[in-house]
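**Student:** What follows is a structure written as C-alpha cells; I'll ask about it next.
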Amino acid sequence: MSKYARIVGTGSALPERLVSNAELVAELAARGIETSEDWIVERTGIRQRYLAAPDVGSSVLGARAAREALAAAGVNAADIDLIVVATSTPDFIFPSTACLVQKEIGAHGGAAFDVQAVCSGFVYGLATADAMIRTGMASRALVIGAEVFSRILDWNDRGTCVLFGDGAGAAVLVADDHPGILAARLHADGRHEGILRTPGTVNRGAVCGHPFLTMDGQAVFKLAVSVLDAVARETVEAAGLTLDAVDWLIPHQANVRIIQATGRRLGIAPERVVVTVDRHANTSAASVPLALDLAMRDGRIRPGQHVLLEGVGGGFAWGAALARI
Ligand code: ACO
C-alpha cells in the first residue's frame with residue numbers, strides 16, 4: 001500500500017461565452033434590473049464570468065477538464081480506477097455525472113460517483129480520493145469539480161445572479177511513496193442550511209418549489225471567514241507543519257473580500273494567495289481546481305511546494321487539504 005496520494009496533473013474547462021460585467025449590466029438593464037460595474041467589482045472583485053450554452057452540462061465541462069488533466073499527468077484514461085465528480089448541478093438526478101464523464105473519456109470499470117458538498121465539493125472529493133488511495137482501494141484517481149450554476153440562478157435577482165459562473169477543473173492523483181496530500185480535514189454544520197440554498201425539489205421529473213439559489217450574503221460572509229481560518233490551521237497542524245510552510249493558499253473563489261480576509265487572518269501574504277474570482281466569478285465546486293490549474297500552468301506553483309486548498313459553501317460545509325506538489 002502506498003503512503004500518499006500525489007497530484008500529478010491538473011486541467012480546466014471554461015465555456016466559450018465570456019460575459020464581462022459591462023455586458024451583464026447592460027443585459028440586466030434591458031430587463032429593468034439595476035446594477036453597476038462598480039457595485040460588482042467593489043463588493044465582490046468579479047470582473048467577468050463564463051456561461052455555458054444550453055446544451056453544455058457539467059459532464060461536458062468535467063470531461064474536458066479531465067482530459068486536460070490526464071494529458072498533463074501523462075496518465076491514460078484506461079488506467080483511471082476512481083472518478084469523483086463534485087457538483088451541485090449534475091446533468092441528471094442519475095446516473096451520476098462521474099459515470100457520464102467516465103463514459104466520455106473512456107475509463108471504464110473503475111469506481112465513479114458524485115459528491116454533493118456545494119462550494120466545498122472539490123476538497124471533499126480530494127479528501128475522499130486521498131483516503132481511498134491510501135487504503136489501497138484505488139491507485140489512479142480523477143477528482144473533478146464541475147458546475148453550471150447559471151442554470152440555478154434567478155436572473156431577476158441582482159443580489160445573486162452577478163456572482164456566479166460556469167466551469168470545471170480536474171486533478172489526477174496517483175498512489176506514491178512520496179508526498180502527496182499531507183493532511184485533509186472536512187466539516188459541516190447543517191444548522192446553517194438556511195443561509196445558502198437552492199430549495200427546489202423534483203417530483204415526477206418536474207422541479208417544484210423554488211429552483212433558484214438564495215443566500216443571506218452577510219451571514220455567509222461571516223461564517224466563511226471564520227471557518228476558513230479554523231480549518232486552515234487545523235489542517236496544517238495535522239500535517240505537522242506551521243502556516244509559514246504554506247507556499248500557496250487557494251481558497252474557494254466566492255468573493256475577493258472573503259479571500260483577502262482569510263489570507264490576512266492566517267498571516268499569508270497577498271502575493272501567496274491565488275485569486276481567480278475576478279476572471280471566473282464563483283464557479284462553486286469548480287473554483288478551487290480551476291485556480292489550482294491556473295497557478296500550476298503559469299508556473300507559480302513549483303515542485304516541492306506546499307499548497308493549501310480550501311472550500312466552503314452551502315450545507316454549511318467546509319474543508320481543507322494540504323498538498324506537496
Ligand atoms: N447591484 C447593485 N446593488 C445591489 C446588488 C447589485 N448586483 N445586489 C445587492 N444590491 C444592493 C442591495 O439591494 C442593498 O441595497 P439596500 O441597502 O438599498 O437594501 C445593498 O446593495 C447592500 O446589500 P447587501 O446584501 O447588504 O450587500 P453586501 O455588502 O453584503 O454585499 C455580497 C453583498 C457581495 C453578496 C456580500 O454579502 C458577500 O460577499 N457575501 C458573501 C457571500 C458570497 O460571496 N456568496 C457567494 C456564494 S456563497 C459561497 O460560495 C460560499
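The values are calculated or read from the model by the stated rules, or taken from the named source; none is laboratory data. A quick note: this is a predicted structure, and the numbers were derived from the prediction, not measured. Because the Cβ atoms are built from the backbone with ideal geometry, glycine has one as well, and the counts that use them run over all protein chains shown. For the accessible areas, the whole protein counts, side chains as well, though only heavy atoms, and no ligand, DNA or RNA atoms are used. Shrake-Rupley method; radii C 1.70, N 1.55, O 1.52, S 1.80 Å.
**Student:** Calculate one ³J(HN,Hα) per residue across region 64-81 by plugging θ = phi - 60° into the Karplus curve 6.51 cos²θ - 1.76 cosθ + 1.60, and present them in order as whole Hz with x for glycine and proline.
**Tutor:** Coupling constants for region 64-81: 4, 5, 5, 4, 5, 5, 5, 5, 5, 7, x, 10, 7, 4, 5, 8, 6, 10 Hz.
**Student:** Cα centroids of region 72-87 and region 125-167: how far apart, whole angstrom?
**Tutor:** Centre-to-centre distance over Cα atoms comes out at 15 Å.
**Student:** Percent of alpha carbon pairs in the chain separated by more than 38 Å? Walk me through the intermediate numbers first.
**Tutor:** On the way: 4659 of 52650 pairs.
Cα-Cα pairs in the chain separated by more than 38 Å: 9 percent.
**Student:** Counting only C-alpha contacts under 8 Å and six or more residues apart, can you give the relative contact order of the chain as a whole percent? Walk me through the numbers before you get to the answer.
**Tutor:** Details: 837 pairs, mean separation 82.8, N = 325.
The value is 25 percent.
**Student:** Related question: Give me the Kirkwood hydrodynamic radius of region 1-152, using the inverse of the mean 1/r over all pairs of distinct Cα atoms, in Å to one decimal.
**Tutor:** On the way: mean 1/r = 0.0596 Å⁻¹.
So the Kirkwood estimate lands at 16.8 Å.
**Student:** Ok, one more. Using heavy-atom solvent-accessible surface (probe 1.4 Å) with all chains present, what is the largest-first order of HIS210, HIS178, HIS280?
**Tutor:** Details: HIS210 75, HIS178 125, HIS280 10 Å².
The most accessible residue leads, giving HIS178, HIS210, HIS280.
**Student:** Right, here's the next one. Which value, in debye to the nearest 20, gives the size of the charge dipole of region 4-176 about its Cα centre, when Lys and Arg are +1 and Asp and Glu are -1 at the Cβ?
**Tutor:** Numbers: 13 positive and 20 negative charges, 72 e Å.
Dipole size: approximately 340 debye.
**Student:** Something else: If you build a Gaussian network model of the chain, linking Cα atoms that sit under 10 Å apart, which residue out of SER58, SER150, SER287 swings the most?
**Tutor:** Comparing SER58, SER150, SER287 in a Gaussian network model of the chain, the most mobile one is SER150.
**Student:** Can you list the residues, at least 5 places off or on another chain, whose amide H is less than 5 Å from the amide H of ALA183, using H built in the peptide plane?
**Tutor:** LEU322
**Student:** Using the Cα gyration tensor of region 138-189, with a ≥ b ≥ c the square roots of its eigenvalues, what is the shape: rounded (a/c below 1.5), prolate (a/b larger than b/c) or oblate (neither)? Write down the numbers at each step before the final one.
**Tutor:** Values: a/c = 4.14, a/b = 2.38, b/c = 1.74.
Cα axes put region 138-189 in the prolate bin.
**Student:** What relative contact order, as a whole-number percentage, does region 154-248 give when Cα pairs under 8 Å and 6 or more residues apart are counted? Display every interim value, and only then the final one.
**Tutor:** Working: 56 pairs, mean separation 23.3, N = 95.
Value for region 154-248: 24 percent.
**Student:** Run the simple label-point estimate for ARG17 and THR201 please: 7 Å along Cα→C-beta, distance reported in nm.
**Tutor:** 3.2 nm
**Student:** Please report, as a whole percent, how much of the solvent-accessible surface of the chain comes from carbon and sulfur atoms (probe radius 1.4 Å). If you can, show how the numbers build up before the last one.
**Tutor:** On the way: 6910 of 13550 Å².
Exposed carbon and sulfur together represent 51 percent of the surface.
**Student:** Right, another one. Please give the net charge around ILE195, taking every other residue with its beta carbon less than 14 angstrom from that of ILE195, where Lys and Arg add +1 and Asp and Glu add -1. Provide the component values of the computation, followed by the final result.
**Tutor:** Details: positive: ARG191, ARG197, LYS222; negative: ASP189, GLU193, ASP216.
Net local charge, ILE195 excluded: 0.
**Student:** Sticking with this one: I'd like the accessible area for MET137, computed on protein heavy atoms only with a 1.4 Å probe and all protein chains in place. Round to 10 Å², please.
**Tutor:** My reading of the accessible area for MET137 is about 140 Å².
**Student:** Still on this model: Could you work out how much longer the chain between ARG300 and ASP79 gets when fully extended? Use 0.36 nm per residue separation minus the Cα distance between them, nm to one decimal. Mind showing how you got there, number by number?
**Tutor:** Values: separation 221, 0.36 × 221 = 79.56 nm, distance 2.89 nm.
Gain on extension, ARG300 to ASP79, equals 76.7 nm.
**Student:** Where only protein heavy atoms count, and the probe is 1.4 Å, what is the accessible area per residue for the chain in Å²?
**Tutor:** Details: 13550 Å² over 325 residues.
Accessible area per residue, the chain: 42 Å².
**Student:** Tell me the trypsin sites (Lys or Arg not before Pro) within region 263-307 that lie in a loop according to DSSP and have at most 15 other beta-carbon atoms within 10 Å. Please report the intermediate quantities before stating the final value.
**Tutor:** On the way: sites: ARG264, ARG265, ARG272, ARG279, ARG297, ARG300; in loops: ARG300.
Of the trypsin sites (Lys or Arg not before Pro), the ones in loops of region 263-307 whose Cβ has at most 15 other Cβ atoms within 10 Å are ARG300.
**Student:** How large is the helix-only mean residue ellipticity at 222 nm for the chain, computed as the sum of -39500 (n - 2.57) over DSSP H runs with n ≥ 4, divided by its residue count, in deg cm²/dmol to the nearest 500? Numbers along the way, then the final one.
**Tutor:** On the way: 10 runs with 109 residues, N = 325.
The helix-only estimate for the chain comes to -10000 deg cm²/dmol at 222 nm.
**Student:** Once phi is turned into θ = phi - 60°, what whole-Hz ³J(HN,Hα) does the Karplus curve with 6.51, -1.76 and 1.60 give for every residue of region 164-179, x standing for Gly and Pro?
**Tutor:** For region 164-179, the Karplus curve yields 10, x, 10, x, 8, x, 9, 9, 9, 10, 10, 5, 7, 7, 9, x Hz.
**Student:** Just for the chain, what percent of DSSP beta bridges are antiparallel, to the closest 5?
**Tutor:** Working: 42 of 58 bridges.
If we restrict to bridges inside the chain, about 70 percent are antiparallel.
**Student:** Placing unit charges on C-beta atoms (Lys and Arg positive, Asp and Glu negative, everything else neutral), compute the dipole magnitude of the chain about its Cα centre in debye, rounded to 20. Don't skip to the end; give the middle numbers.
**Tutor:** Values: 29 positive and 34 negative charges, 65 e Å.
The dipole magnitude comes to about 320 debye.
**Student:** Something else now. Along region 290-295, what does the Karplus equation 6.51 cos²θ - 1.76 cosθ + 1.60 (θ = phi - 60°) give for ³J(HN,Hα), rounded to whole Hz, x for Gly and Pro?
**Tutor:** Per residue, the Karplus-derived 3J(HN,Hα) values read 5, 5, 4, 4, 4, 6 Hz.
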